[in-house]
Amino acid sequence: MLERRIPEKRGAAFEVTAGETFDVTDVAGQQVADLVAFAAEDPTERLSTKYTYRRSGRVSVTTDDTLYTTEGDPILTITADDCGDHDLLYGPCNEWILADYYDQPEANGCRENLSEAIAPLGVDPALVLETLNIFMRATVTDGRIDIREPQSAPGDTVRFRADRDCYVAVSACAGESTVNAGDTGPIDVTVPDGTDVHTNW
Ligand SMILES: [Zn+2]
């Protein structure tokens, strides 16, 4: 396996074939990693968080849970999970979220970092929207959704198995706020040997 470190506030993308696995690791703890996935044969079919919780009946995922596409078909399954706390509800941070909520004007957010990293694989940036927010802690109380500090510890890892050939992008979340416990750090991805990893740094 090949380990690549995504620096803080950046993104990386790669292709995995059906049956292969890859890992996403929180290097220093309390750092969110956003993930998108697209069917290689037709990237307009992609991970849908909404249809994932429609299929599973749960708004969080952990070991043995499957992520589903816009067509309702499996695309990734979590086969190991050190953390157990991952968000399906929030959209990825982006330029206006960073400016309006985190006082970080004119900065790339996860949406831009994921889009830039996966562009060489031919994915339309407009389709980069529904993310699994790995290590992100969200709560829902009386209809109100809130972000809490992540509970992930240094080295916490989530392993994914590809249920079909797909393109995956992962970002190290850029929010200097509660979402990352006030500070940002790197994320490691571990992919099969020989995988081309596309980055935006
Ligand atoms: Zn983010």
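Could you tell me which of the residues THR52, THR77, THR69, THR25 is within 12 Å of the chain's Cα centre (by Cα), surrounded by 15 or more Cβ atoms within 10 Å (Cβ to Cβ), away from the ligand (no atom under 16 Å from the Cβ) and among the hydroxyl-bearing types (Ser, Thr, Tyr)? The conditions single out THR25. Screening region 28-46 for residues that are within 16 Å of the ligand (Cβ to nearest atom) and under 17 Å from ASN113 (Cβ atoms) and picking the one that is surrounded by the most Cβ atoms within 10 Å (Cβ to Cβ) gives VAL32. Taking the condition at pLDDT 95 or above, in a loop (DSSP other than H, G, I, E, B) and not hydroxyl-bearing (Ser, Thr, Tyr), does VAL158 pass? No; evaluated as a whole, the condition is false for this residue. State whether one or more residues within region 82-94 are at pLDDT 95 or above and of a type in the set (A, V, I, L, M). Yes, there is a match, as at least one residue in region 82-94 is at pLDDT 95 or above and of a type in the set (A, V, I, L, M).
Summed over region 97-144, residues that are within 13 Å of the ligand (Cβ to nearest atom), over 13 Å from the mean Cα position of the chain (by Cα) and among the polar types (S, T, N, Q) total 2. Could you tell me whether region 148-158 includes any residue that is of a type in the set (A, V, I, L, M), under 26 Å from GLU20 (Cα atoms) and either within 14 Å of the ligand (Cβ to nearest atom) or in contact (Cβ under 8 Å) with a residue 40 or more places away in the chain (or both)? Yes: region 148-158 contains one or more residues that are of a type in the set (A, V, I, L, M), under 26 Å from GLU20 (Cα atoms) and either within 14 Å of the ligand (Cβ to nearest atom) or in contact (Cβ under 8 Å) with a residue 40 or more places away in the chain (or both). In region 64-92, the residues that are of a type outside the set (Gly, Ala, Ser) form Cβ pairs under 6 Å with partners that are within 16 Å of the ligand (Cβ to nearest atom) and part of a loop (DSSP other than H, G, I, E, B), at six or more places apart or across chains, as follows: CYS83/PHE135; CYS83/SER152; ASP87/MET136; PRO92/THR131.
The values are calculated or read from the model by the stated rules, or taken from the named source; none is laboratory data. Because the structure is a prediction, the values reported are computed rather than measured. Cβ: placed from backbone, ideal geometry, glycine included. Neighbour counts: every protein chain shown.
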